[in-house]
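Below is one structure, written out as structure tokens; the observations come after it.
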Amino acid sequence: MGIKNLFFTALLAVTSAVQAQVILADTALTIPRQTWIVALPFEADVDSTDGMTFDAPNYTLKNRMAVQFYTGLRAGVDSLNRSGFDIQLVLAEHVEATNSYRMEANGFLTSYSPEAFMAFLNRQALCQAGECKIIGPFRGDASETLAALSSGIPVINPVSRKVDVTGKPYLIAAASHRTAEINRLAERAAAAQKMAPKSRTVLLMDGSANDAAFLEAYEAAGGNKTDIIQKNYQGSATLDASASAGVFTRIISLSDKVLVTARILNQLRGFEAAKT
């Protein structure tokens, strides 16, 4: 199911398991049950030939991270709906430069301040009944602002590690703290190395404090850091698949940079899938 099957409207419900319902801004609405409002920085432009596009009307979405996140979220929701759930995704665009929101009505994109955006949602009967959630925005401070304006709608920040939930009962930070992630990853790596002593653990060093934190946690979990192959992965470094041929290899990257992770995934194509 391609991106072109989507319709970017005022708040437009889209999943493959249910029919889409157009919702016009500031009118009497009936939002479908279990509505998740996805407010991401899509960077929508009208009638452009570059990037991902929506039909009716034709918008180009330039922010690939937002599109890819939405695509993954939609796939998960579609799977849940096939299992008997009734969830619909509703699209809005967060404009990060101005911390505003855009919705389409009658063929035009209309901007809303955070106050106007939340007032619009707070008025909906379904949201008042606790059937709505907001997924996004990506930025922690923008999520905090929406949560402070919410009359009961949960605001779930999916990616930011800099979200202050103190005194904000409707704000949920989905991303775990980096330290907890590193500790858990080190524990699993140490346990896996003990179970398969002939396997290899490769740590891609990016020069950040995460490297030392992982090695410390690895030793605390009972591992020997001399077992770890520490590979400098700064700059234009590459992964050599021949080095792990025939040996089960776990590759660990602690980089916070999306482009670095994308480069690693691309270079892993040459590795044996069953042993990496």
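Observations on the model:
- Aspartates and glutamates with Cα under 20 Å of residue 198, excluding same-chain neighbours fewer than 8 positions away: 187, 219, 227, 240, 272
- Exposure proxy ranking, count of Cβ atoms within 10 Å, fewest first, for 272, 96: 272, 96
- Radius of gyration and Dmax over the Cα atoms of segment 178-275, both given in Å: 13.0, 33
- Cβ-based exposure ranking for 188, 74, in which fewest neighbours within 10 Å come first: 188, 74
- From least to most packed, judged by other beta carbons within 10 angstrom and beginning with the fewest, 271, 85 follow the order 85, 271.
Each reported figure results from applying straightforward, stated rules to the coordinates on display, with no laboratory input. Here the structure is a predicted model, which means the values were calculated and not measured. Cβ coordinates were reconstructed from backbone atoms using ideal geometry, including for glycine residues, and neighbour counts include every protein chain displayed.
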